[in-house]
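The values are calculated or read from the model by the stated rules, or taken from the named source; none is laboratory data. None of these values were measured; they are calculated from a predicted model. For neighbour counting, all protein chains shown are included, and Cβ atoms are generated from backbone atoms with ideal geometry for every residue, glycine included. Only protein heavy atoms, including side chains, enter the accessible area calculation; ligands, DNA and RNA are left aside. Shrake-Rupley method; radii C 1.70, N 1.55, O 1.52, S 1.80 Å.
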Amino acid sequence: MAWFRAGSNVAKLAIRRTLSRCGGSNVQRTQVVPLQNRYFHTTVFRSKAQSAPVPRSVPLSKLTDSFLDGTSSVYLEELQRAWEQDPDSVDESWDNFFRNFVGQAATSPGISGQTIQESMRLLLLVRAYQVYGHMKAKLDPLALEQREIPDDLDPALYGFTEADLDREFFIGVWRMAGFLSENRPVQTLRAILTRLEQAYCGTIGYEYMHIADREKCNWLRDKIETPTPMEYSHERREVILDRLMWSSQFENFLATKWTAAKRFGLEGAETLIPGMKEMFDRSADLGVESIVIGMSHRGRLNVLGNVVRKPLRQIFSEFSGGTKPSEEVGLYTGTGDVKYHLGTSYDRPTRGGKRIHLSLVANPSHLEAVDPVVVGKTRAKQYYSNDVDRTKNMGVLIHGDGSFAGQGVVYETLHLSALPNYTTGGTIHIVVNNQVAFTTDPMSGRSSQYCTDVAKALNAPIFHVNGDDMEAVVHACELAAEWRQTFHSDVVVDIVCYRRFGHNEIDEPFFTQPQMYKVIRNHPSAMEIYQKKLLESGQVSKEDIDRINNKVLSILNEEFVASKDYVPQRRDWLSAYWLGFKSPEQLSRIRNTGVNPEILKNVGKAITTLPENFKPHRAVKRIFDDRAKMIETGEGIDWAVGEALAFATLLVEGNHVRLSGQDVERGTFSHRHSVIHDQETGEKYCPLDHVMINQNEEMFTVSNSSLSEFGVLGFELGYSMENPNSLVLWEAQFGDFANGAHVIFDQFLSSGEAKWLRQTGLVVLLPHGYDGQGPEHSSARLERFLQMSDDNPYVIPEMDSTLRKQIQECNWQVVNVTTPANYFHVLRRQLHREFRKPLIVMSPKNLLRHKDCKSNLSEFDDVQGHPGFDKQGTRFKRLIKDQNGHKEVEEGISRLILCSGKVYYELDEGRRKVNKKDVAICRVEQLCPFPYDLIQRELKRYPNAEIVWCQEEPMNMGAYNYIALRLSTAMKALGRGGLDDIKYVGRAPSAATATGFLSVHQKEHREFVERALQPDPINSP
């Protein structure tokens, strides 16, 4: 096989040279037309007066040196002589070659004239069909695409003539499958070409020869190059017809009842539904138990109703305006979303008698944004169901042709497919190829020949199929399911179809595609085409068709009538894992997050101990020695140890912990070292994998990701949605780079619960802080996350600790934590509650090693009297009061500085330097939702103090604009003034987040610290 692949291009060049020497160039690039003979291009055969004679086969001894390489003729001749004398004297591959071609010719009278050159040329011809056959396939149902057929598919290129069509040939090759397998019978050239045309140039075009794996290619060849074309039985055809009828009539019914509604119907691609259902049935037969589906809006309602089995009456009710669910205690309905964005999940029976769980993930209009979410959710399902072989849970993504080629997140998602901590054992991709985007033609929408070419980077096979050929669509979909379950890798089905009514039903496609839509206007539907085929075959009668049609219409009408009285009674957003969790309208009690001191000591020892014979880098060894002392003495716990203790204690409580992102194993700032490398053997060791005896190796997962934000954050979001008993974290390399994933933040994380009633406890760690590293390494854009927060700045909610639902009613939490202990508690708080909310953490950089940013182990435990333990127990501190031991009322304090993050340590150091005892500094650790009760407590403590908000970010960034309105509301309630009484200290407004000049950074920093601590009152900004 190695020589076959390597030599093929050289061989083709040599053939062209040989042909040119035999009488000039008589091979041209032409279109195949149905004249003379369907296998040959029309320019090849001319009269003797018009063209040079067709080249004859050349005896082996007369071969020119250019046939394969410079010495090939001599080499082949010598090899053949050696083989004839002793077959064992040549390599096994050459033994097979001569045995097949020379030996077979000697024993088969019908092929006695077959020369080695002819055998080689025939091999190249077969290979040409395997490589280029899709270029000749009839893929476009509208027959509008004019494609040049490669010369490589012309038998004349290889020296064959019409006189050879009825000659018999043997083409078996060692270790090959399909047409080239050794067990195929001798066939005429006509029969070989006929079957090649049927297999590769029909209504399915196969692309797989880019896959550099013989086993996979042979498997596909066995499936494609069958001795006879595939035929479905009468029973299967009736099932397929029934499914196509449901798909078609569903769209017709909606179009009749809601003529002016946008529904993004499937007309022109109705075969998708039977194709999907047959794919899912075949997958279930092969062991799949659960499928997670992601798709955009086109055909979504049809998939919901006919594939996932969402009740039709519910879909029809939503079309009629819908009603909010009612009569359920504590029911949260959110803001809702348009019907073609909604998801759902159901169990449905398969044709083979099994049951399969289908879930369609809710998604926004941002095409392809749901792709990584689906893959992440699928991976989580595999973990929780112990699907180590990744054969029981599968992801299916349905794409559009424009978005598959144009959206970068498609490649980011594809790129995750084989990464150890992200693989799902293969995703099936179905492209609903409209041959036009919204109004953009393919020539303006992509540079590649096919919209699916990006998938070749993964060595994924691609099956292009004419969307009007119902059975071809079913066959391609079933083959994709078999590939996925056999090779556990991605596969693409490209259904080439059209949109009968434009981008949506009220769009006018003739504005931009007049020629296409003239054809579409008169083009029969897939339903009409398939009915005609079945009637002509005699397998289905007109009565059978009418019976199925009447049954479908009857059910649709019954469901329509029932929809008028339909009132949803319960949420479908809680899977089994989520039962018992509270909605935003149900009160959830606040729980302690402190841990028993003995447990802290035990897990602390586990996470700071390395195996005896392990040889880490000496600097890492020193770090772990220091960590062991921290645990032993209970003092000086730093950020990394605080985080590791949070992870370890959650693990021993039975929770799954997963941390992912760029460079997270070591940590961007070389602080985490969760995976240590032996300096001699390269072996890896992860202490958090050994917190418990016989710990599941995936229970704690820390993984460096690909260099992707959008794709990886989407993956982790999907992962976090499957089970609430998991702490899933994504860390940006720098918080500045998180904006590469803002579609996930905007469309999913900040609004997903309100739109789709989907909770998630995902934690996002965004390194943030001004250290003089320039505009791209300073700011996580805190202001954007606060601006997306949905709490009302003018209303103080119920703040009594026994009645407070503030966090539950808010869309997410944003914190800027300043101590390892508080970081420990905010992470544990994510799981120690009866609901889930996303957590955005402005994580530190220079505080990771700051001498004052340390905590004692007693701040982590649950012992009464220890630091951090108050009347409610040990918990996350939403606000940390001034640390100078102030009384409940301090009338002598002239200034109260409120701040957040590392600027506190700089202000505190400056205060100590100037001995400014009349200034109090409080840290707002939780910015959103705003801690009104604690802010008011501090306002009461300092009745005579001017109120200052200090930040290191420019005025138009950071927390200032969010804080000011809420702080003024808290002040007004106490009669302490309003917005004009809040003094701002920080950098001036700026377009860039930070200066790129270190000296300017230092000057700005020095000035705002001095201003915050100046003796005179601070003027308003």
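Condition check ((1) more than 30 Å from Ser385 (Cα to Cα); (2) buried (at least 24 other Cβ atoms within 10 Å of the Cβ); (3) touching a strand residue (DSSP E or B) at 6+ places or on another chain (Cβ under 9 Å)) across all residues:
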| site | (1), (2), (3) |
| --- | --- |
| Asn723 | no, no, yes |
| Glu731 | no, yes, yes |
| Ala738 | yes, yes, yes |
| Trp756 | no, no, no |
| Leu762 | no, yes, yes |
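Residues are listed down the side, and each one gets a yes or a no for (1) touching a His at 6+ places or on another chain (Cβ under 9 Å); (2) more than 13 Å from Glu925 (Cβ to Cβ); (3) without any contact (Cβ under 8 Å) to a residue 60 or more places away in the chain:
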position	(1), (2), (3)
Asn816	yes, no, no
Thr819	no, no, no
Phe824	no, no, no
Arg829	no, no, no
Glu834	no, yes, no
Lys837	no, yes, no
Asn856	yes, yes, no
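Each row is one residue, and each column tells you yes or no for (1) buried (at least 20 other Cβ atoms within 10 Å of the Cβ); (2) aliphatic (A, V, I, L, M); (3) farther than 18 Å from Arg379 by Cα.
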site	(1), (2), (3)
Thr633	no, no, yes
Phe669	no, no, yes
Asn694	no, no, yes
Met699	no, yes, no
Gly718	yes, no, no
Val728	yes, yes, no
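Yes/no per residue for (1) hydrophobic (A, V, I, L, M, F, W, C); (2) open to solvent by 10 Å² or more (accessible area, probe 1.4 Å); (3) farther than 24 Å from Met842 by Cα:
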{"site": "Phe930", "(1), (2), (3)": "yes, no, no"}
{"site": "Tyr942", "(1), (2), (3)": "no, no, yes"}
{"site": "Leu967", "(1), (2), (3)": "yes, no, no"}
{"site": "Pro989", "(1), (2), (3)": "no, yes, no"}
{"site": "Gly996", "(1), (2), (3)": "no, yes, no"}
{"site": "Gln1002", "(1), (2), (3)": "no, yes, no"}
All positions within segment 88-117 that are assigned to a helix (DSSP H, G or I) and either polar (S, T, N, Q) or at pLDDT 85 or above (or both): Ser89, Ser93, Asn96, Asn100, Gln104, Thr107, Gln117
query: Any residue in segment 598-613 that is open to solvent by less than 10 Å² (accessible area, probe 1.4 Å), within 28 Å of Glu834 (Cβ to Cβ) and at pLDDT 95 or above?
result: yes
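Yes or no, residue by residue, for (1) under 30 Å from Tyr422 (Cα atoms); (2) of a type in the set (S, T, N, Q); (3) surrounded by 14 or more Cβ atoms within 10 Å (Cβ to Cβ):
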| site | (1), (2), (3) |
| --- | --- |
| Pro584 | no, no, yes |
| Ala648 | yes, no, yes |
| Ser674 | yes, yes, yes |
| Gly682 | yes, no, no |
- request: Would you mind stating whether Val657 is in a strand (DSSP E or B) and under 24 Å from Asn596 (Cα atoms)?
  value: yes
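Pull up segment 843-860, narrow it to residues that are outside any loop (DSSP other than H, G, I, E, B) and more than 18 Å from Tyr905 (Cβ to Cβ), then point me to the one that is nearest to the chain's Cα centre (by Cα). Even if it seems obvious, please write down each step before you answer.
Looking only at segment 843-860, we keep the residues that are outside any loop (DSSP other than H, G, I, E, B), and these are 843, 846-848, 855, 857-859.
From what is left, the residues that are more than 18 Å from Tyr905 (Cβ to Cβ) are 857-858.
Numbers: Leu857: 40, Ser858: 42 Å.
Looking at residues that are outside any loop (DSSP other than H, G, I, E, B) and more than 18 Å from Tyr905 (Cβ to Cβ), I get Leu857.
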message: If Gly752 satisfies all but one of (1) open to solvent by 40 Å² or more (accessible area, probe 1.4 Å); (2) within 30 Å of Ala362 (Cβ to Cβ); (3) at pLDDT below 95, what's the number of the condition it fails?
response: (1)
message: Considering only segment 734-748, I want to know if a residue exists there that is closer than 18 Å to Ser843 by Cα, modelled with pLDDT under 95 and assigned to a loop (DSSP other than H, G, I, E, B).
response: yes
- prompt: Got at least one residue in segment 457-472 being touching a Cys at 6+ places or on another chain (Cβ under 8 Å), under 18 Å from Tyr411 (Cα atoms) and buried (at least 24 other Cβ atoms within 10 Å of the Cβ)?
  reply: no
field: Restricting segment 325-375 to residues that are over 20 Å from Leu579 (Cα atoms), out of contact with any Phe, Trp or Tyr (no Cβ under 9 Å at 6 or more places or on another chain) and in a strand (DSSP E or B), the residue that is modelled with the highest pLDDT
entry: Arg355
task: Select from segment 118-173 the residues that are in a helix (DSSP H, G or I) and of a type in the set (D, E, K, R) and list them in ascending order.
output: Glu118, Arg121, Arg127, Asp151, Asp152, Glu162, Asp164
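Residues that are in contact (Cβ under 8 Å) with a residue 60 or more places away in the chain and out of contact with any Lys or Arg (no Cβ under 6 Å at 6 or more places or on another chain): list the helices (runs of 4 or more DSSP H) wholly contained in segment 394-510 that include at least 3 such residues. Give the derivation first.
On the way: elements: 401-406, 408-414, 442-445, 470-487.
The qualifying helices (runs of 4 or more DSSP H) are 408-414, 470-487.
Identify, from the list Thr668, Thr593, the residue that is under 28 Å from the mean Cα position of the chain (by Cα), of a type in the set (Val, Ile, Thr) and at pLDDT below 95. Spell out how you get there, then give the answer.
Working: Thr593 fails: under 28 Å from the mean Cα position of the chain (by Cα).
None of the others qualify; the one that does is Thr668.
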- request: Considering every residue within segment 828-838, establish whether at least one is touching an Asp or Glu at 6+ places or on another chain (Cβ under 7 Å), in a helix (DSSP H, G or I) and closer than 24 Å to Leu651 by Cα.
  value: no
- prompt: Would a scan of segment 615-623 turn up a residue that is surrounded by 16 or more Cβ atoms within 10 Å (Cβ to Cβ), without any contact (Cβ under 8 Å) to a residue 24 or more places away in the chain and either in contact with an Asp or Glu (Cβ under 8 Å, 6 or more places away or on another chain) or not in a loop (DSSP other than H, G, I, E, B) (or both)?
  reply: no
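If only one of Gly958, Gly977 is more than 21 Å from Leu786 (Cα to Cα), outside any helix (DSSP H, G or I) and among the small types (Gly, Ala, Ser), which one is it? Write out each step before concluding.
Working: Gly958 fails: more than 21 Å from Leu786 (Cα to Cα).
Exactly one residue qualifies, and that residue is Gly977.
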- prompt: Residues of segment 702-715 being buried (at least 20 other Cβ atoms within 10 Å of the Cβ) and of a type in the set (Ser, Thr, Tyr), which ones?
  reply: Ser705, Ser708
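How many residues are farther than 22 Å from Cys497 by Cβ and either assigned to a helix (DSSP H, G or I) or of a type in the set (Lys, Arg) (or both) if we restrict to segment 301-314? Give the derivation first.
Narrowing segment 301-314 to residues farther than 22 Å from Cys497 by Cβ: 309-314.
After this cut, where a residue has to be either assigned to a helix (DSSP H, G or I) or of a type in the set (Lys, Arg) (or both) as well, the list is 309-310, 312-314.
Total satisfying the criteria: 5.
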- prompt: Which condition number in (1) within 30 Å of Glu598 (Cβ to Cβ); (2) free of Cβ contacts under 8 Å to residues at least 40 places away in the same chain is the one that Asn915 fails?
  reply: (1)
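Can you tell me which residues in segment 512-568 are part of a loop (DSSP other than H, G, I, E, B) and open to solvent by less than 50 Å² (accessible area, probe 1.4 Å)?
Selection gives Gln513, His523, Ser525, Val540, Ser541, Pro568.
Give segment 798-827 a look and list any residue that's in a loop (DSSP other than H, G, I, E, B) and in contact with a Cys (Cβ under 8 Å, 6 or more places away or on another chain), or say none. Steps first, answer last, please.
Of segment 798-827, the ones in a loop (DSSP other than H, G, I, E, B) are 798-805, 810-812, 816-819.
Residues satisfying the conditions are Cys810, Trp812, Thr818, Thr819.
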- request: Return the only residue of Glu225, Glu215 being open to solvent by less than 10 Å² (accessible area, probe 1.4 Å), closer than 30 Å to Asp490 by Cβ and acidic (Asp, Glu).
  value: Glu225
query: Looking only at residues in segment 268-300 that are closer than 20 Å to Arg499 by Cβ and under 22 Å from the mean Cα position of the chain (by Cα), which one is modelled with the lowest pLDDT?
result: His297
message: Any residue at all in segment 415-433 that's open to solvent by 10 Å² or more (accessible area, probe 1.4 Å), at pLDDT 95 or above, β-branched (Val, Ile, Thr) and within 13 Å of the chain's Cα centre (by Cα)?
response: yes
